[in-house]
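In what follows, a structure is listed as structure tokens, so that the remarks can point back to it.
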Amino acid sequence: MNQLIGIIGGFFAFIVALRFLLQVSKADFYNPISQGVYKITQPLTSPIQKVMPRIFGIDFSALILALLVIMATIFLLAGFSNPVGVVLASLLDSQLGLLSVILNVYFFAIMGAVIISWVAPNSYHPGPQLIAQLTDPLFSLARKVIPPLGGLDFSPMVILLLIVFLRSQLPHMLAY
């Protein structure tokens, strides 16, 4: 039962974090995949949007929902033996868990972008377009540090190495 709770909580946190990252990267809202993510997460983000104003034009309700989902998952996995201790411990663990989820979203998106660049570059399918819109801001930042050399773009490798390093620094107890 604990594994099922962890899988469902982790998957939903992934989808909610993806919604936030798609919004921040200004991905196409009318992409069918973006619409699916929006429709899945909108019932739970709507109440948060009503009480939380946008900050610098960014809706943080999805990020708060992802944090709450991770906290609830940690709380359910830890049990109800010591509720005060579990809540206090889950505050830090949920923040690290959210960072881990965001790193996972980018890790899989970058891996997808690399594979798509080999198999179907310049594809007009909604999936590769959404992955490109999500990863291009990161790639352009990395290209400022290491420009393409001899026609080879090392920006995905630089970002993947940074993600792997950051994930290795997270505590090993996190299930996300």
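Bear in mind that the values in this text are calculations on the coordinates, not laboratory data. Computed from a prediction, not measured in an experiment: that's the story for all the values here.
For the range 105-111, take each phi angle, set θ = phi - 60°, evaluate the Karplus expression 6.51 cos²θ - 1.76 cosθ + 1.60, and give the result in whole Hz per residue in order, putting x for glycine and proline.
So the Karplus estimates, Gly and Pro as x, are 4, 5, 4, 5, 5, 5, 4 Hz.
Given the rule -39500 (n - 2.57) for each run of at least 4 DSSP H residues, summed and divided by the residues of the chain, what is its mean residue ellipticity at 222 nm, to the nearest 500 deg cm²/dmol?
Working: 6 runs with 133 residues, N = 176.
After summing the helix terms and dividing by residue count, I get -26500 deg cm²/dmol.
Convert 10 °C to kelvin, take the viscosity as 1.306 mPa s, use the Kirkwood radius over C-alpha pairs of the range 1-75 as Rh, and evaluate the Stokes-Einstein diffusion coefficient in µm²/s, rounded to a whole number.
124 µm²/s
Using only C-alpha atoms and all pairs of different ones, pull out the Kirkwood radius for the range 2-169 in Å with one decimal.
Numbers: mean 1/r = 0.0574 Å⁻¹.
Answer for the range 2-169: a Kirkwood hydrodynamic radius of 17.4 Å.
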